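Visitor: Got a structure here, written out as structure tokens. Questions coming.
The values are calculated or read from the model by the stated rules, or taken from the named source; none is laboratory data. Not measured: the values here are computed from a predicted model. Neighbour counts are summed over all protein chains in view; Cβ atoms, including those assigned to glycine, are modelled from backbone coordinates with ideal geometry.
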Amino acid sequence: MLTRSELSKQVEEHVIPLCVPEIRGNEWTYVKECLDTNWVSSVGPFVDRFERMVGNYVGTKYAVATMNGTAALHVALLVAGVQPDDEVLVSTLSFIAPANAIRYVGAWPVFVDAEPDYWQMDPEKVKEFLAEGCRWRNGALYNQHTGRRIKAILPVHILGHPCDLDPILACARKYNLVVIEDVAESLGARYKGRKVGQLGDISCLSFNGNKIVTAGGGGMVLTGNEAWARRAKYLTVQAEDDALSRIHQEIGYNYRLTNLQAAIGCAQLERLDEYIVAKRQIATAYRRAFERISNMIVPQEAPWAFSIYWLYTVLMDGIEGEDHSRRIAKCLLSSGIQARLLWQPLHLSPAHRGAYACSCDVAERIFNSALSLPSSVGLSATDQDRVIQRLREIAENEWKVV
Ligand SMILES: Cc1ncc(COP(=O)(O)O)c(C=O)c1O
């Protein structure tokens, strides 16, 4: 055992971060190219290249870069025709960005529970709500509880694992709804052999610093619909009709990615497959270490899924007392290990009071017991061992932490 002063020295020296970027490719070269050529702002060859690379990688014909993933979601909702006072079904167990973007267009989220096996949007709950909670009127579907029109479904592929999309897509076809995939946490993940992001009508990515590949910040709208792609691009450049005469027919946004960011993004994307291998190795090591520890549930990969294990998250199950994830996270932090709780399910979020929610008890159970562990692509075996050892010690002490 380390003494307290040894421990605090170690903590001071080296905190194992939750999920940080890995810069090991052409980032310096490409950024230098931007600086040398003066292409540093929101137009430039790297922006075009990044869009082509991401579109080719995911398998969508069109890709439009944005300044972040939230902007991508906002634009995707606009081009998908979501109107003020419409409703969009969205995963309750998700980072808040997709629900916020729904509000940006004046529409409302309808929160859908997670399924218990892989923690993704529950297709059964989607089916049930659309069949039993909604009614057709004048060729459109309306939520019986709120009277609002249902326009779209926004499944969020959380933590690197895909949602079970086929039944969600079938519902969308049946009720004439648009499917907007949020792929921010799952770039490279596959559903029945196909990359997520190419399966819905339109999809969104984030290149925030904690994602599997980063552009420092950035996002992307992906679609196979040419008219939608053109409109997405138009909206991200202040809806400028004509660069010469400088006329704007409608209100647009300044949402473009810079060439500097895209340069980093291109370099990162060149390494994506390598990074996915690293994430899966990290996941395998955690699973082997934890799967036999009682009170710990490790994440499962569905038979139809290929997960990129973006953020390795375990559930602390059946531990006595309250707030154990928070207490364990604090304890890990005091040992120099960053761990994090999962997002508060959005149906409980004060920011989204007023939105309709189906019953979401699975998401609440997951949230109450989830703990995300260090998962950076560059996590060394030594650091991962330290995380594993510390958690084993806590488990051996019957999860009693102060
Ligand atoms: C699921 C999900 N959607 C959207 C976003 C928003 O992306 P950004 O931070 O680039 O705006 C994030 C995270 O950042 C996310 O995790």
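Visitor: Taking the options Pro350, Pro303, Pro299, name whichever one is surrounded by fewer than 20 Cβ atoms within 10 Å (Cβ to Cβ), closer than 15 Å to Tyr118 by Cα and of a type outside the set (Asp, Glu).
Guide: Details: Pro350 fails: closer than 15 Å to Tyr118 by Cα; Pro299 fails: surrounded by fewer than 20 Cβ atoms within 10 Å (Cβ to Cβ).
Answer to the check: Pro303.
Visitor: Hey, Ala355 hits all of (1) more than 22 Å from Pro299 (Cα to Cα); (2) surrounded by fewer than 17 Cβ atoms within 10 Å (Cβ to Cβ); (3) touching a residue at least 60 places away in the same chain (Cβ under 8 Å) but one; which does it fall short on?
Guide: (2) is the only condition that Ala355 fails.
Visitor: Inspect segment 257-275 for any residue being touching a strand residue (DSSP E or B) at 6+ places or on another chain (Cβ under 8 Å) and away from the ligand (no atom under 16 Å from the Cβ) and give the result as yes or no.
Guide: Scanning segment 257-275 turns up no residue that is touching a strand residue (DSSP E or B) at 6+ places or on another chain (Cβ under 8 Å) and away from the ligand (no atom under 16 Å from the Cβ).
Visitor: So, one more: Give me a count of the residues in segment 265-309 that are of a type in the set (A, V, I, L, M) and farther than 30 Å from Val31 by Cα.
Guide: 9
Visitor: Looking at Asp182 and the list (1) within 11 Å of the ligand (Cβ to nearest atom); (2) within 12 Å of Val58 (Cα to Cα), which single condition is not satisfied?
Guide: Among (1) within 11 Å of the ligand (Cβ to nearest atom); (2) within 12 Å of Val58 (Cα to Cα), the lone unmet condition for Asp182 is (2).
Visitor: Next question, about the same structure. Which of the strands (runs of 3 or more DSSP E) contained wholly in segment 202-279 include at least 1 residues that are at pLDDT 95 or above, in the same structural domain as Val40 (by TED's automatic domain parsing) and within 17 Å of Ile308 (Cα to Cα)?
Guide: Numbers: elements: 202-206, 219-223, 240-242.
It comes to 202-206.
Visitor: Restricting attention to segment 333-357, which residues are part of a helix (DSSP H, G or I) and over 15 Å from Ile394 (Cα atoms)? Reasoning before the result, please.
Guide: Here is the first cut: in segment 333-357, the residues part of a helix (DSSP H, G or I) are 333-334, 346-348, 350-352.
Scanning segment 333-357 gives Leu346, His347, Leu348, Pro350, Ala351, His352.
Visitor: Pairs under 7 Å by beta carbon, first residue at pLDDT below 95 in segment 386-402, partner charged (D, E, K, R), six or more apart or different chains?
Guide: That search, which allows pairs on different chains as well, returns Val401/Arg327.
Visitor: Give Asp317, Asp383 a once-over and let me know the one that is of a type in the set (Asp, Glu), under 20 Å from Arg288 (Cα atoms) and either in the same structural domain as Leu159 (by TED's automatic domain parsing) or buried (at least 16 other Cβ atoms within 10 Å of the Cβ) (or both).
Guide: Asp383
Visitor: Considering segment 53-67 alone, what residues qualify as being closer than 17 Å to Thr236 by Cα and either surrounded by fewer than 23 Cβ atoms within 10 Å (Cβ to Cβ) or at pLDDT below 95 (or both)?
Guide: Pass one, segment 53-67, residues closer than 17 Å to Thr236 by Cα: 62-67.
Those that are closer than 17 Å to Thr236 by Cα and either surrounded by fewer than 23 Cβ atoms within 10 Å (Cβ to Cβ) or at pLDDT below 95 (or both): Tyr62, Met67.
Visitor: May I pose another question? Output the number of residues of segment 212-241 satisfying the condition of being surrounded by fewer than 24 Cβ atoms within 10 Å (Cβ to Cβ) and either within 22 Å of Phe46 (Cβ to Cβ) or within 16 Å of the ligand (Cβ to nearest atom) (or both). Break it down stepwise before answering.
Guide: Step one: of segment 212-241, the residues surrounded by fewer than 24 Cβ atoms within 10 Å (Cβ to Cβ) are 214, 216-217, 224-231, 233-235, 237-241.
If we keep only those that are either within 22 Å of Phe46 (Cβ to Cβ) or within 16 Å of the ligand (Cβ to nearest atom) (or both) as well, we get 214, 216-217, 229-230, 233-235, 237-238, 240.
Summing the residues that are surrounded by fewer than 24 Cβ atoms within 10 Å (Cβ to Cβ) and either within 22 Å of Phe46 (Cβ to Cβ) or within 16 Å of the ligand (Cβ to nearest atom) (or both) in segment 212-241 gives 11.
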